[in-house]
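Single-structure report; data block below.
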Amino acid sequence: MGRADTVNRRDDHSPLARAELPANTVSLARYLIGKVVVRELPEGIASGRIVETEAYVVGDAAGHGYRGMTPRNRSLFLERGHAYVYLAYGISTMLNVSSEMQGIGTGVLIRALEPLEGIPIMQLNRGIERLRDLARGPGRLAQALRIDRSLDGLDLCRQGPLWLAGDGHEAGEIGQSIRIGISKDADRLLRFYVRKSPFVSGPGSLNA
DNA sequence: GACCCGATTTCCT
DNA sequence: GGAAATCGGGTCA
């Protein structure tokens with residue numbers, strides 16, 4: 001297989017149109033697999049293909065929007081396609097995409113990326129070289145793309161500091177499993193991942 | 001205003 | 001494989 005540090009020749013960074021995003025959280029989590037997260041930094045563009053997501057749905061006790069809107073989670077209640085960024089464990093920043101319609105506190109957690117462009121930038125941000133570890137895991141992903149709370153609430157369907165794009169690349173076979181690291185509503189199969197991808201965090205064959 | 005705990009990562013045994 | 005690190009938001013007094 002080819003080295004993954006080859007330059008991505010596609011330069012189409014057109015944002016996904018909001019109208020093409022499924023208006024349903026689980027469908028959106030599935031839909032985002034294979035799409036591209038694009039980050040614009042002073043040093044240039046850094047991007048990666050989404051290989052793992054988790055859905056946090058309506059009535060989901062594990063979801064941050066479960067108990068209603070608060071100052072922290074208000075972005076989850078935006079119309080689908082907006083960023084919800086928060087800090088977990090005081091250490092790890094998480095990137096989510098709001099789903100459903102305005103007023104519904106649901107979203108999709110982006111858990112892992114396959115690095116595409118700006119790999120040297122990501123290596124510097126992470127302080128490591130190894131490609132596979134650059135964005136394997138939600139906290140690592142955010143660190144690699146230098147995502148912080150200042151991006152909370154951003155419209156990801158518009159070009160800016162951070163947005164979602166598609167390059168027409170087909171995602172590989174998609175697996176489904178329970179979500180990682182949660183205790184409430186833990187039995188639901190709301191995690192999606194590319195089966196053969198080495199860039200997926202956690203068990204890549206944890207299906208049911 | 002104190003206390004609890006989490007959608008994780010990293011290092012140590 | 002296991003536990004510590006770390007901090008802001010939510011809950012309750």
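Residues A:Y86, A:Y66: which one is without any contact (Cβ under 8 Å) to a residue 40 or more places away in the chain and not charged (D, E, K, R)?
Going through A:Y86, A:Y66 in turn, just one is without any contact (Cβ under 8 Å) to a residue 40 or more places away in the chain and not charged (D, E, K, R): A:Y66.
Every residue, every condition in (1) part of a helix (DSSP H, G or I); (2) loosely packed, with under 14 Cβ neighbours inside 10 Å; (3) within 16 Å of DNA strand C (Cβ to nearest atom); (4) not aromatic (F, W, Y), yes or no:
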{"residue": "A:G175", "(1), (2), (3), (4)": "no, no, no, yes"}
{"residue": "A:I182", "(1), (2), (3), (4)": "no, no, yes, yes"}
{"residue": "A:A186", "(1), (2), (3), (4)": "no, yes, no, yes"}
{"residue": "A:F192", "(1), (2), (3), (4)": "no, no, no, no"}
{"residue": "A:K196", "(1), (2), (3), (4)": "no, yes, no, yes"}
{"residue": "A:F199", "(1), (2), (3), (4)": "no, no, no, no"}
{"residue": "A:G202", "(1), (2), (3), (4)": "no, no, yes, yes"}
Legend entry - Hey, A:Y56 open to solvent by 20 Å² or more (accessible area, probe 1.4 Å), within 16 Å of DNA strand B (Cβ to nearest atom), within 17 Å of A:L154 (Cβ to Cβ) and within 17 Å of the chain's Cα centre (by Cα) or not: no
Inset, instruction - Would you mention how many residues in the range A:62-76 are more than 9 Å from DNA strand B (Cβ to nearest atom) and surrounded by fewer than 21 Cβ atoms within 10 Å (Cβ to Cβ)? - result: 7
Legend entry - Hey, A:G160 open to solvent by less than 30 Å² (accessible area, probe 1.4 Å), assigned to a loop (DSSP other than H, G, I, E, B) and either within 10 Å of DNA strand B (Cβ to nearest atom) or under 19 Å from A:V37 (Cβ atoms) (or both) or not: yes
Legend entry - Restricting the range A:77-92 to residues that are within 11 Å of DNA strand B (Cβ to nearest atom) and in a loop (DSSP other than H, G, I, E, B), the residue that is most open to solvent (accessible area, probe 1.4 Å): A:Y89
Inset, instruction - Count, please, the residues in the range A:169-201 that happen to be within 19 Å of A:L113 (Cβ to Cβ), of a type in the set (G, A, S) and touching a residue at least 24 places away in the same chain (Cβ under 8 Å). - result: 6
Inset, instruction - From (1) at positive phi; (2) free of Cβ contacts under 8 Å to residues at least 60 places away in the same chain; (3) touching a Leu at 6+ places or on another chain (Cβ under 7 Å), pick out the condition that doesn't hold for A:G81. - result: (2)
Inset, instruction - Within the range A:138-156, work out how many residues are open to solvent by 20 Å² or more (accessible area, probe 1.4 Å) and either more than 16 Å from DNA strand C (Cβ to nearest atom) or over 20 Å from A:P120 (Cα atoms) (or both). - result: 7
Legend entry - So A:A61, is it of a type in the set (A, V, I, L, M) and either near DNA strand C (Cβ under 9 Å from one of its atoms) or assigned to a strand (DSSP E or B) (or both): no
Inset, instruction - Considering only residues that are within 16 Å of DNA strand C (Cβ to nearest atom) and surrounded by fewer than 23 Cβ atoms within 10 Å (Cβ to Cβ), look in the range A:111-136 and name the one that is farthest from the chain's Cα centre (by Cα). - result: A:G127
Legend entry - Given (1) touching a residue at least 12 places away in the same chain (Cβ under 8 Å); (2) surrounded by fewer than 21 Cβ atoms within 10 Å (Cβ to Cβ); (3) of a type in the set (D, E); (4) within 23 Å of A:T25 (Cβ to Cβ), index of the condition A:E100 fails: (2)
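The values are calculated or read from the model by the stated rules, or taken from the named source; none is laboratory data. Keep in mind the model is a prediction, meaning the values are calculated, not measured. When we count neighbours, we look across all protein chains shown, and the Cβ atoms used for this are built from the backbone with ideal geometry, even at glycine. Keep in mind that these areas ignore ligands, DNA and RNA; they rest on the heavy atoms of the full protein, side chains included. Shrake-Rupley method; radii C 1.70, N 1.55, O 1.52, S 1.80 Å.
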